[in-house]
Amino acid sequence: MQPPAREALAQTRQSAVHLELRDAYTLDDPGYIAWQHGARLDRDERAAWWNGWHDAVRDAVDRGVTVRRARVVSEPISDYVAYEYDITFTNVAAGEAVRWLPRRRATGLALPSTDFWVFDGERVLLHHFTGHGELDENGREYTADPGLVKLCVDAFDAVWERATPHENYRPR
């Protein structure tokens, strides 16, 4: 399998953007299961939730990289998206800017069929998932194809423009 986004982020010089399009991922994730049973992360107990991804984002931001994440979600939101919403403060604490776009407001946008990252506007990492929300066995695909890079950059920018910043978004 290709390397994860964390490795590409470590080489990024200016910008990294991530578009998420699914209403559920990895339903057997222990964090999600614990959340379903009432466990919540304590914002003040950073050691309990800070992990390698947060370090990678913080390192990139400290180098001057802008890291943005946009999520296109169905409303009312799924339980999994409610979980993501609840823990998004961890992404923000690491330095990501996060926005949410209700799927209904995405009507008319030309969006790729899969989640992706774009690094420095030059390289795309596509994430291919199974129908159950698991990353496929060969689920990471990097490309520098100019047409695909442009499609992803344009799609992200269109979503970002319509989306609501995390601190203002109130899910239905």
Pairs, first within 15 Å of Arg104 (Cβ to Cβ) and open to solvent by less than 100 Å² (accessible area, probe 1.4 Å) in the range 157-172, second in a helix (DSSP H, G or I) and at pLDDT 95 or above, C-beta under 6 Å, six or more apart: Arg162/Arg105; Pro171/Tyr85
From Ala60, Ala56, Ala70, Ala8, residue being open to solvent by less than 30 Å² (accessible area, probe 1.4 Å), closer than 23 Å to Thr107 by Cβ, among the hydrophobic types (A, V, I, L, M, F, W, C) and not in a loop (DSSP other than H, G, I, E, B): Ala70
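Of all residues in the range 127-148, how many are surrounded by 10 or more Cβ atoms within 10 Å (Cβ to Cβ) and not in a strand (DSSP E or B)?
Final tally of qualifying residues: 7.
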Qualifying residues in the range 19-41 (those that are assigned to a loop (DSSP other than H, G, I, E, B) and touching a residue at least 60 places away in the same chain (Cβ under 8 Å)) - the one farthest from Gly133 (Cα to Cα): Leu21
Verdict on Pro112 being part of a loop (DSSP other than H, G, I, E, B) and touching a strand residue (DSSP E or B) at 6+ places or on another chain (Cβ under 9 Å): yes
Single residue of the range 90-107 satisfying the filter (in contact (Cβ under 8 Å) with a residue 60 or more places away in the chain and of a type in the set (A, V, I, L, M, F, W, C)) that is nearest to Val67 (Cα to Cα): Ala97
Any hit, the range 42-52, residues being open to solvent by less than 20 Å² (accessible area, probe 1.4 Å), in a loop (DSSP other than H, G, I, E, B) and touching a Ser or Thr at 6+ places or on another chain (Cβ under 8 Å): no
Residue match in the range 120-137 (condition: farther than 19 Å from Pro4 by Cβ and at pLDDT 95 or above): yes
Any hit, the range 78-91, residues being outside any loop (DSSP other than H, G, I, E, B), polar (S, T, N, Q) and more than 20 Å from Leu9 (Cβ to Cβ): no
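The values are calculated or read from the model by the stated rules, or taken from the named source; none is laboratory data. It should be emphasised that the depicted structure is a prediction, and the values quoted were computed from it without experimental measurement. Note that each Cβ is placed from the backbone with ideal geometry, even for glycine, and that neighbours are counted across all protein chains shown. The protein model used for the area step is the full one, side chains on, heavy atoms only, and it has no ligands, DNA or RNA in it. Shrake-Rupley method; radii C 1.70, N 1.55, O 1.52, S 1.80 Å.
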